[in-house]
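Notes follow the structure.
Nothing in this text is a laboratory measurement; each read-out follows from the coordinates by a stated rule. Only a predicted model underlies this, so the values are computations on that prediction, with no experimental measurement involved. Methodologically, a virtual Cβ is constructed for each residue, glycine included, from the backbone with ideal geometry; neighbour enumeration extends over all protein chains shown.
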């Protein structure tokens, strides 16, 4: 009788361990998928900001150097396209990675501020500020990812400032 009781308890305990192990595996998969979505959102925003920053530079440089009106109009149209490409990934970052939201908003605003450059030197300074804000956003994402790792695995996402 004792043998039967021990055997039954062993089977129940084994089943419980399998169920808990499977649940832990599912939770791990969900966390990994969430991290992948977050990385994709920040990466998409990073690419869109780089494209828009270049388009802002080209357009503002053309205005400041008094390029032909046709060229400025062409660059303005490209600028509209790159600006609209920023909206979706910016919203995704705000929704999926709240820890990076403030840095992402600052990177977007710094990129938009390139338009207000008064001369070529100001244009260079605004571009540098936009690049620095972009780097801060990427650094915030790296810290966010790092914080979610076990202590032994931390540091692999470090980004030079």
In nm, to one decimal, how far is the residue 18 label point from the residue 6 one, both placed 7 Å along Cα→Cβ? 2.2
So, relative contact order of the range 1-116 in percent, Cα under 8 Å, 6 or more apart, is 32
Less than 13 Å from a label point 7 Å out along the Cα-to-Cβ axis of residue 74: which backbone N atoms in the range 43-62 qualify, by residue? 59, 62
Once both label points are put 7 Å beyond Cα along the C-beta direction, the residue 34-residue 91 separation in nm becomes 2.2
